[in-house]
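The values are calculated or read from the model by the stated rules, or taken from the named source; none is laboratory data. Remember, it's a predicted structure, so these values are computed and weren't measured experimentally. Every residue, glycine among them, receives a Cβ derived from its backbone with ideal geometry; neighbour counts consider all protein chains shown. Surface accessibility is based on the protein's heavy atoms, side chains included, excluding ligands, DNA and RNA. Shrake-Rupley method; radii C 1.70, N 1.55, O 1.52, S 1.80 Å.
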Amino acid sequence: MVDSNHEPDQDLTGTQAVEVLRDIVMAANTCMMVTQHETFPFDVRPMGAQGVDDSGTVWFLSAADSGKNRDIERDARVTLLVQDNSHYQYAQVSGSATIHRDKALIDKYWSAVANAWFDGKDDPRVTLLAVHPETGQYWKTKNGKVVTGVRMLLSAAGANVDEGGVHGQLRV
């Protein structure tokens, strides 16, 4: 099926959805995390993704006393918005978040960059946020940035050119 923008739809589930989500999240590295869904305006903040596991869970380091942790304690609903402009690929996923203090998980997802926010991985404020996506959408180019750029230029010049992208639902 093709939508009105001439992008073919390719809905993904399970392992395929996880692989696409991992590809986009790790290439972008930063996600915009939305919390406080029951209020308007809701809270949005940038978060550095530490990894995406085989179940599709996206992991973030977070301070125990942070606003986002307080938000998640009140309402576990979370949306992630991901934008990887270097490859023209994007995702939006919604699900629930949980807070973890497991030392083995902290060791697994710790990065040197986290030292800017914490006094090492043994800092008592260190927690991990696990975002468990349920549904979402993704947008990807099929041929990379250069080919997509050329196609956009040709289209702007009046040529009838397929954008070369794909869009679909993600069900993790």
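Would segment 45-62 turn up any residue that is within 28 Å of residue 141 (Cα to Cα), of a type outside the set (A, V, I, L, M) and without any contact (Cβ under 8 Å) to a residue 12 or more places away in the chain?
There is at least one residue in segment 45-62 that is within 28 Å of residue 141 (Cα to Cα), of a type outside the set (A, V, I, L, M) and without any contact (Cβ under 8 Å) to a residue 12 or more places away in the chain.
Does segment 77-132 hold any residues that are hydrophobic (A, V, I, L, M, F, W, C), over 22 Å from residue 35 (Cβ atoms) and in a strand (DSSP E or B), and which are they?
none
Looking at 104, 63, which is the one that is in contact with a helix residue (DSSP H, G or I) (Cβ under 8 Å, 6 or more places away or on another chain) and small (Gly, Ala, Ser)?
63 is the lone residue from the list that is in contact with a helix residue (DSSP H, G or I) (Cβ under 8 Å, 6 or more places away or on another chain) and small (Gly, Ala, Ser).
Tell me which residues, restricted to segment 32-75, are open to solvent by 60 Å² or more (accessible area, probe 1.4 Å) and either among the aliphatic types (A, V, I, L, M) or within 12 Å of the chain's Cα centre (by Cα) (or both).
Of everything in segment 32-75, those that are open to solvent by 60 Å² or more (accessible area, probe 1.4 Å) and either among the aliphatic types (A, V, I, L, M) or within 12 Å of the chain's Cα centre (by Cα) (or both) turn out to be 32, 44, 46.
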